[in-house]
1. What part of the accessible area of the chain, given as a whole %, is carbon or sulfur when the probe is 1.4 angstrom?
2. So what's the angle, to the nearest 10 degrees on a 0 to 90 scale, between helix 66-80 and the longest Cα principal axis of the chain?
3. Set the bar at 20 Å for Cα to Cα. Now go through Lys83/Lys191; Lys96/Lys164; Lys96/Lys172; Lys37/Lys144; Lys136/Lys222 and name every pair that lies beyond it.
4. Take the alpha-carbon centre of the stretch 167-232, take the same for the stretch 31-82, and report the distance between them in whole Å.
5. Using a 1.4 Å probe, what is the accessible area per residue for the stretch 15-231, in Å²?
6. Please list, in order, the residues from the stretch 160-184 whose amide nitrogen is less than 13 Å from a point placed 7 Å along the Cα→Cβ vector of Phe120.
7. Any idea how far apart Gln53 and Phe173 come out in nm if each label point goes 7 Å out from Cα toward Cβ?
8. Just the C-alpha atoms of the chain: what Rg/Rh do they give, with Rh taken as the Kirkwood radius?
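The values are calculated or read from the model by the stated rules, or taken from the named source; none is laboratory data. The structure displayed is predicted, hence computed values, not measured ones. Cβ coordinates were reconstructed from backbone atoms using ideal geometry, including for glycine residues, and neighbour counts include every protein chain displayed. Only protein heavy atoms, including side chains, enter the accessible area calculation; ligands, DNA and RNA are left aside. Shrake-Rupley method; radii C 1.70, N 1.55, O 1.52, S 1.80 Å.
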Amino acid sequence: MSVHIGAKKGEIAETILLPGDPLRAKWIAETFFDDPKCFNEVRGMLGYTGTYQGKRVSTMGTGMGVPSISIYANELITEYGVKNLIRVGSAGSYQKDVEIRDVVLAMAASSNSGVNELRFGGANFAPTASFNLFIKATEAARAKNIPIKAGNVLSSDIFYEDDKEAYKKWSKFGVLCVEMEAAGLYTVAAKHNVNALAILTISDSLVTGEHTTSKERETTFKSMIEIALELA
Ligand code: ADE
């Protein structure tokens, strides 16, 4: 096992789907995988490996925020040889034309997290998606008739903003939506020369104040997982 993951070597597939919520990982495994086997229960961060259309694939929760996903991504890559890390999560819209239930591919992830400022001594690193995974995801979405939007997202360290207007600066610069992990994932993947992509479903809108219901979140989550599983 590694420091935070209880799996034995070889128990995790080269491609892994990473929701923030470990119970989502359980749901993905039980809904989409054949023969799912649980490989991690440490800290309740459930992880499973199974097959999808004959291809070996894993899923595991990451927790919330850049530090949490960075720890898991680091161990998955360096201790278990994972090569394709696909975040599947929710996001809040920053644009009028990015509507709730839309699926967004994060081409790049801006951030207010201090992690990369520390890492690069005050300079800016631009965390970006893997080109190959991005192209494959756009092709899978087209084949399944799932409309997508793509662009820059914000990985924020703050869910409950003091300043309710703070999003407008990012919005003005074309940032599509806010979530909390993609910048961490893309940076760790870049460091280890492996592939990463964040596929997001819009669950709420900072612009209109709308929210999806939990039932709607389940349905829209399915479209996103269907795209992600084609990358295995
Ligand atoms: N994930 C879903 N909605 C979000 C929001 N409004 N802020 C940060 N992360 C989110």
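1. On the way: 5780 of 11200 Å².
Of all accessible area on the chain, carbon and sulfur atoms account for 52 percent.
2. Value to nearest ten degrees: 30.
3. Working: Lys83/Lys191 12 Å; Lys96/Lys164 16 Å; Lys96/Lys172 11 Å; Lys37/Lys144 28 Å; Lys136/Lys222 18 Å.
From the list (Lys83/Lys191; Lys96/Lys164; Lys96/Lys172; Lys37/Lys144; Lys136/Lys222), the Cα-Cα distance tops 20 Å for Lys37/Lys144.
4. One Cα centre to the other: 18 Å.
5. Values: 10290 Å² over 217 residues.
I get 47 Å² per residue for the stretch 15-231.
6. Answer for the stretch 160-184: 183-184.
7. Computed distance between label sites Gln53 and Phe173 equals 3.8 nm.
8. On the way: Rg = 16.5 Å, Rh = 17.5 Å.
Reported Rg/Rh, Kirkwood definition of Rh: 0.95.
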